[in-house]
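Below: one structure, written as structure tokens.
The values are calculated or read from the model by the stated rules, or taken from the named source; none is laboratory data. No experiment lies behind these values; they were computed from the predicted model shown. Quick reminder, even Gly has a Cβ in these numbers, built from the backbone with ideal geometry, and neighbours come from all protein chains shown.
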Amino acid sequence: MRCLAQAGQEFRLTPWRSLVLPLTLTDAPAVIASGLSKAGFILDPDAALMAIAACSGAPACDRASRPSQEDARNFAVSLPPPPYEKPLLHVSGCAKGCAHPRAAPITLVAREGRYDVVLRYTATAPPDHLGLTVADAQTFLTKFFKTKGI
């Protein structure tokens, strides 16, 4: 935000945790694009993180048992190349599923510091796999996408 404000760049916030700039990034001064990238903004609409819905997670939410946004960044490397069904992966800090209340191809639901896996349904559904560590969940995702060809 500071980068945009310092550059005098107009922007709009969206309810989907996005910014809309009234110009394309190819038209934007390189310093703005570089600053946004360094600040952690996703500039590529085909980036793997754009295919993940993740709640605020721990410690921002008292119900969450995992830092779901941090975990989502780690899980992004397991996603197949684009194009993506969006969201392809839902990472939820608890069974409420606030970030994506609809069905997703894969939903990881944190419970007691581990992840349960729900396939093709919502976070509130009975899990298909129980109690995966973050490393196990990463391995599951990698294998799932290789075998399913998604």
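Among the residues of the range 112-135, those that are under 18 Å from the mean Cα position of the chain (by Cα) and surrounded by 13 or more Cβ atoms within 10 Å (Cβ to Cβ) comprise ARG114, TYR115, ASP116, VAL117, VAL118, LEU119, TYR121, THR122, ALA123, VAL134.
Take the conditions (1) in contact with a helix residue (DSSP H, G or I) (Cβ under 9 Å, 6 or more places away or on another chain); (2) modelled with pLDDT under 95; PRO101 misses just one of them, which is (1). Of the residues making up the range 94-109, those that are touching an Asp or Glu at 6+ places or on another chain (Cβ under 8 Å) and aliphatic (A, V, I, L, M) are LEU108, VAL109.
The criterion of at least 1 residues that are of a type in the set (Phe, Trp, Tyr) and surrounded by 14 or more Cβ atoms within 10 Å (Cβ to Cβ) is met, among helices (runs of 4 or more DSSP H) falling completely within the range 1-110, by 68-75.
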